[in-house]
Each structure stands twice: as C-alpha cells, then as structure tokens.
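The values are calculated or read from the model by the stated rules, or taken from the named source; none is laboratory data. Small disclaimer: the values here were computed from a predicted structure and weren't measured. All Cβ positions, glycine included, derive from the backbone under ideal geometry; neighbour counts span all protein chains shown. We work out accessible area using only protein heavy atoms, side chains counted, and drop any ligands, DNA or RNA first. Shrake-Rupley method; radii C 1.70, N 1.55, O 1.52, S 1.80 Å.
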Amino acid sequence: MKSSKKLAVFDIDGTVFRGSFMIELMKTLVHFGVFPREAEHAVDKEYFDWVERRAPYQNYVDKVVGVFTKFIKGCREEDIKKYSARIASYFKNRNYVFTKRLAEKLRKTHFLLSISGSPIEVVQEYNKYLKFDVAFGTIYELDLKTKKYTGKMLLDGAHKKEKIFCEFCQKNGFDFRNSIGVGDTEYDATFLKKVGRPIVFNPNANLLKLARKNNWEIVLERKDVVYKIKNNKCIEVDSYY
C-alpha cells in the first residue's frame, strides 16, 4: 500500500468521537444481557470518582477496559458485531467539529489513519461513517471453531499506538516528518512525538504537560467555540457555526 500522500493519524475516542466507544459498547452489552449487570456495577466507583471530580477520566476508562476484557470471554462474535454496528450508527454524528473538519480537509492531501483503544469491531463499524483509509483498534482473540471470544487481548490499541504507527509507516513508506497527528491523552503522545505537526486536542493533564514542554499546538473545543493555543497564549478563537 505505497502512497505518495502524506499521513494524518487520529485518535478516535475523545478526539473525533465525543465519548468512548469502549464505554458505550459495554453499557449496550449490559443493557441487552450479553454482559451481566455485574459488569456495569464493577465500574461504579471509578465513574462517580470521575463525574464528581475526585479522579481523572482516564481512571474510569482504564477500569472499563479491564472489566470489558474480563466479561467478553465466552461472548459470541455475532453479538459483539451486532451491538457494535448499533452504537456506531447511533453515535455516527456525535463528533467534535474541529477534528471532523480537519480530517475532511486533510483527506485531499493525506492518507488518513486512525488508532483507537476501543474494540476493533466497533472501530470498523464507526469507520463506515468516518471513512478513514485504515482504522486500528483493540483486538480480542476469537476461537475460530466456536466463534466465541477467549478473553485474551491480542492487540492493545491504547498502549501500543507507537508500535502500530511505526510499523504502519515503515511498511507503507510514510515519512514521520511530513505527518500530522491528533490526540487527547498521554497514550497518543507516543505517536505525537514522532510526527512533524502534533496537535493536542482537548488534552488531559498528562498530555497538557507534555504539550507545554514540547511546544506542541493545543486546540480546545468548548461548547461552540474553538481555541487555538501556542506558547501558552491563545492565538485564535473562532465559532464553528
């Protein structure tokens, strides 16, 4: 897949999609009885710690990942795919304006790559609407005979972003220096530090510290306003309506 285009790599959850597909998929699987109610209650503490501002959002997401990995064992592939398609369709337009428009603009000049920590099943369904050229997500092992998940994680899309990005670039001949990257947490910093133009979008505290240290471009989208920050100064404010 050699390409003369430049590369643009995007995180998905919290960067393009205004939420987490891992969280939405788990809630949906609980609702329809694929996961037991126990799975939902297992993340109650982390959820309320986050919404009541006692702990960061990432703690909640990390807990959900652990619970999801536990309860996907024994689930049928057809159920995971069915509900992945359902929530991708439901949330297809719940996107951030800045990143969605940036991706649409870059489509003309760049090869679009997305790397998500959410399960590949929902990432691929969501990508039917986003239409990135290639989309990576977390891969859970599937028993090919029973078509049920073993509970083993084969590829951790959140923690292996650097590996995924580097291997993809090397295999397909893309140059890091001419690439653009967009992400919102420190997990994305692994590829942001390699691209020519890193964009830190609605960052958490850990990524914000790295962005300030490395003088990366920071973009905040709040309500209907986009703020662009450079050298700790707001250099542009714009409404997207």
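Let's see how each residue does on (1) open to solvent by 30 Å² or more (accessible area, probe 1.4 Å); (2) of a type in the set (Asp, Glu); (3) under 15 Å from the mean Cα position of the chain (by Cα):
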| site | (1), (2), (3) |
| --- | --- |
| Thr190 | yes, no, yes |
| Lys193 | yes, no, no |
| Arg197 | yes, no, no |
| Ala211 | no, no, no |
| Asn215 | yes, no, no |
| Lys228 | yes, no, no |
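Note on region 125-170: residues that are surrounded by fewer than 16 Cβ atoms within 10 Å (Cβ to Cβ), over 21 Å from Gly14 (Cα atoms) and not basic (Lys, Arg) amount to 10. What are the residues in region 103-115 that are part of a helix (DSSP H, G or I) and open to solvent by less than 20 Å² (accessible area, probe 1.4 Å), if any? Ala103, Leu106, listed by residue number. When the residues of region 167-188 are filtered to those that are within 17 Å of the chain's Cα centre (by Cα) and not aromatic (Phe, Trp, Tyr), the one that is farthest from Asn59 (Cα to Cα) is Ile180. Scanning region 94-118 for residues that are hydroxyl-bearing (Ser, Thr, Tyr) and over 17 Å from Asp224 (Cβ atoms), we see that the one that is modelled with the lowest pLDDT is Thr109. Taken over region 197-241, the residue count meeting the criterion of being in a loop (DSSP other than H, G, I, E, B) and of a type outside the set (Phe, Trp, Tyr) is 8.
Could you grab me the full set of residues in region 67-85 that are under 17 Å from Asp13 (Cα atoms) and either touching a Phe, Trp or Tyr at 6+ places or on another chain (Cβ under 6 Å) or open to solvent by 30 Å² or more (accessible area, probe 1.4 Å) (or both)? Hit for region 67-85 is Ala85, nothing else.
Which of (1) touching a residue at least 24 places away in the same chain (Cβ under 8 Å); (2) in a helix (DSSP H, G or I) is the odd one out, the single condition Gly74 does not satisfy? Going through the list (1) touching a residue at least 24 places away in the same chain (Cβ under 8 Å); (2) in a helix (DSSP H, G or I), Gly74 breaks only (2).
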